[in-house]
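Participant: Questions regarding the structure given below will be posed in turn.
The values are calculated or read from the model by the stated rules, or taken from the named source; none is laboratory data. Owing to the predicted nature of the structure, the values given are computational and were not obtained by experimental measurement. Here the Cβ positions follow ideal geometry from the backbone for every residue, glycine too, while neighbour counts run over all protein chains shown. Remember, those area values only see protein heavy atoms, side chains included, never the ligands or the DNA or RNA. Shrake-Rupley method; radii C 1.70, N 1.55, O 1.52, S 1.80 Å.
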Amino acid sequence: MRIFKHYILFLSGVAVSVLLSITYSRVLRTLTPTFAMHARNTVWHTAESRRAALDLSQKVRVLCWVMTQPPHLESRTQHVRDTWGKRCNIILYMSSKESDFPTVGLNVSEGRSQLYWKTIRAFQHIHKHHLDDADWFLKADDDTFVVLENLRYGLSKHNTEEPLYFGRRFTPFVKQGYMSGGAGYVLSKEALRRFVKGFADGLCTHNTELEDTGLGQCMETMRVRTGDSRDVLRRQTFHPYPPYYYLPRQLPRPRPWYLLYEHYDPVEGPGCCSDLAISFHYIDAVGMHTLEYYTYHLRPYGYKYRFNPDNK
């Protein structure tokens, strides 16, 4: 009987402890409001919320090729692969050596003096093996961040069978201008055909170590037009430098060194850059993942996006 009474007292103590714990938790939640999001208010990144971008990815097929080299595969190139690279319809990593990364080994040496040769060989490889696998052909460096959805949207207004290429248009050295190599540039299918034909016929030559200038000269020779990649508000979409070069407001001043080559009058401050920006250059590994988060995950609660580029 004594054992039974001790048992009853023990169970009673347990029950009281549980009740006190529940009561304390409820009081604590009342006194300390939680900041956790309710499931019904959370923005889930579902196929439904990305339907327009997914549909466009099948209508505007983009092959991306990334200029890289063996020492950069771990420090740079893998971060491209883990972020924006997975949104290309096809992505090729062009290097001097073939590897299991995988990289395509081109018959070139490494070094800044070899960048144009690497570009020539890369486009020749793509023309031979992938011409019909994509509609547009993007070149980017292994420290360039690209928003593929915005690129496809801009390209959707154009015909890939016309001789066009787009990027950040620079002024000197080439009469019609040329596109910055660091910001990336994209060739139509016809532009790719003409570039390769220019070298096959001897109309284009490797006459400079400057990749973007050399390509621009060949584009002009082969009558490939420079497209205007700015948005409907005339804001730039391709950027040869990180966002912090452009976004701070500035008092009127002479052009800084990084804006000297601009074809269009540059704007400093928030009006510099399109809401539908396509690329930024000189982005390190941390920056790649930071821009990935800002672009695809960060959302201000309750904000309704109002910029409609189709409503001019």
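Participant: Identify, by number, the condition in (1) touching an Asp or Glu at 6+ places or on another chain (Cβ under 7 Å); (2) surrounded by fewer than 17 Cβ atoms within 10 Å (Cβ to Cβ) that Val286 doesn't meet.
Facilitator: Condition (1) is where Val286 drops out.
Participant: What do you reckon, is Leu155 more than 18 Å from Glu220 (Cα to Cα), of a type in the set (A, V, I, L, M, F, W, C), out of contact with any Ser or Thr (no Cβ under 8 Å at 6 or more places or on another chain) and surrounded by 23 or more Cβ atoms within 10 Å (Cβ to Cβ)?
Facilitator: Against the criterion (more than 18 Å from Glu220 (Cα to Cα), of a type in the set (A, V, I, L, M, F, W, C), out of contact with any Ser or Thr (no Cβ under 8 Å at 6 or more places or on another chain) and surrounded by 23 or more Cβ atoms within 10 Å (Cβ to Cβ)), Leu155 qualifies.
Participant: In region 76-112, what count of residues is obtained for those that are in a helix (DSSP H, G or I) and either in contact with a strand residue (DSSP E or B) (Cβ under 6 Å, 6 or more places away or on another chain) or modelled with pLDDT of 95 or more (or both)?
Facilitator: Within region 76-112, residues that are in a helix (DSSP H, G or I) and either in contact with a strand residue (DSSP E or B) (Cβ under 6 Å, 6 or more places away or on another chain) or modelled with pLDDT of 95 or more (or both) number 11.
Participant: Do you know which residues across region 227-261 are out of contact with any Ser or Thr (no Cβ under 7 Å at 6 or more places or on another chain) and within 17 Å of Gly177 (Cα to Cα)?
Facilitator: Gly227, Asp228, Tyr258, Leu259, Leu260
Participant: Considering only region 190-213, I want to know if a residue exists there that is acidic (Asp, Glu), surrounded by fewer than 19 Cβ atoms within 10 Å (Cβ to Cβ) and farther than 21 Å from Glu262 by Cα.
Facilitator: Let us first name the residues in region 190-213 that are acidic (Asp, Glu), namely 190, 201, 209, 211-212.
Going one step further and asking which of them are surrounded by fewer than 19 Cβ atoms within 10 Å (Cβ to Cβ), we end up with 190, 201, 209.
Going one step further and asking which of them are farther than 21 Å from Glu262 by Cα, we end up with 190, 201.
Yes, some residue in region 190-213 is acidic (Asp, Glu), surrounded by fewer than 19 Cβ atoms within 10 Å (Cβ to Cβ) and farther than 21 Å from Glu262 by Cα.
Participant: Quick test for you: out of Tyr305, Tyr244, Tyr301, Tyr261, pick the one residue that is open to solvent by 20 Å² or more (accessible area, probe 1.4 Å) and within 30 Å of Glu74 (Cα to Cα).
Facilitator: Tyr244
Participant: Shifting gears a bit: Taking Asn150 and the conditions (1) outside any helix (DSSP H, G or I); (2) surrounded by fewer than 22 Cβ atoms within 10 Å (Cβ to Cβ); (3) of a type outside the set (Lys, Arg), which numbered condition does it fall short on, given that it satisfies the others?
Facilitator: Among (1) outside any helix (DSSP H, G or I); (2) surrounded by fewer than 22 Cβ atoms within 10 Å (Cβ to Cβ); (3) of a type outside the set (Lys, Arg), Asn150 violates only (1).
Participant: Cβ-Cβ under 9 Å, sequence separation 6+ or interchain: first residue in region 128-144 and assigned to a helix (DSSP H, G or I), partner polar (S, T, N, Q). Which pairs?
Facilitator: Pairs found: Asp133/Asn89.
Participant: Of everything in region 107-128, what is touching a His at 6+ places or on another chain (Cβ under 7 Å) and buried (at least 21 other Cβ atoms within 10 Å of the Cβ)? Give them in sequence order.
Facilitator: Listed by number, the residues that qualify are Tyr116, Ile120.
Participant: Collect the residues in region 219-236 that are assigned to a loop (DSSP other than H, G, I, E, B) and either surrounded by 15 or more Cβ atoms within 10 Å (Cβ to Cβ) or touching a helix residue (DSSP H, G or I) at 6+ places or on another chain (Cβ under 6 Å) (or both), keeping them in residue-number order.
Facilitator: Within region 219-236, Met222, Val224, Gly227, Ser229, Arg230, Asp231, Arg235 meet the criteria.
Participant: Give all pairs with beta carbons closer than 7 Å in which a residue from region 167-195 that is over 17 Å from Tyr282 (Cβ atoms) meets a residue that is among the small types (Gly, Ala, Ser) and surrounded by fewer than 24 Cβ atoms within 10 Å (Cβ to Cβ); count only pairs at least 6 apart in sequence or on separate chains.
Facilitator: Arg169/Gly177; Thr171/Gly177
Participant: Another question, if that's okay. Can you tell me how many residues within region 158-175 are open to solvent by 40 Å² or more (accessible area, probe 1.4 Å), polar (S, T, N, Q) and modelled with pLDDT of 95 or more?
Facilitator: Counting residues in region 158-175 that are open to solvent by 40 Å² or more (accessible area, probe 1.4 Å), polar (S, T, N, Q) and modelled with pLDDT of 95 or more gives 1.
Participant: Considering only region 142-189, how many residues are in contact with an Asp or Glu (Cβ under 9 Å, 6 or more places away or on another chain) and among the charged types (D, E, K, R)?
Facilitator: Counting residues in region 142-189 that are in contact with an Asp or Glu (Cβ under 9 Å, 6 or more places away or on another chain) and among the charged types (D, E, K, R) gives 7.
Participant: If you take the residues of region 265-283 that are β-branched (Val, Ile, Thr) and modelled with pLDDT of 95 or more, which of them is surrounded by the fewest Cβ atoms within 10 Å (Cβ to Cβ)?
Facilitator: Ile283
Participant: Are any of the residues in region 199-208 of a type in the set (Gly, Ala, Ser) and without any contact (Cβ under 8 Å) to a residue 40 or more places away in the chain?
Facilitator: yes
Participant: Specify the residue that is surrounded by the fewest Cβ atoms within 10 Å (Cβ to Cβ); the eligible residues are those in region 68-99 that are in contact (Cβ under 8 Å) with a residue 60 or more places away in the chain and within 12 Å of the chain's Cα centre (by Cα).
Facilitator: Applying the filter and picking the extreme gives Asp82.
Participant: For region 266-289, give me the residue count where each residue is under 12 Å from the mean Cα position of the chain (by Cα) and either free of Cβ contacts under 8 Å to residues at least 40 places away in the same chain or outside any loop (DSSP other than H, G, I, E, B) (or both).
Facilitator: Within region 266-289, residues that are under 12 Å from the mean Cα position of the chain (by Cα) and either free of Cβ contacts under 8 Å to residues at least 40 places away in the same chain or outside any loop (DSSP other than H, G, I, E, B) (or both) number 5.
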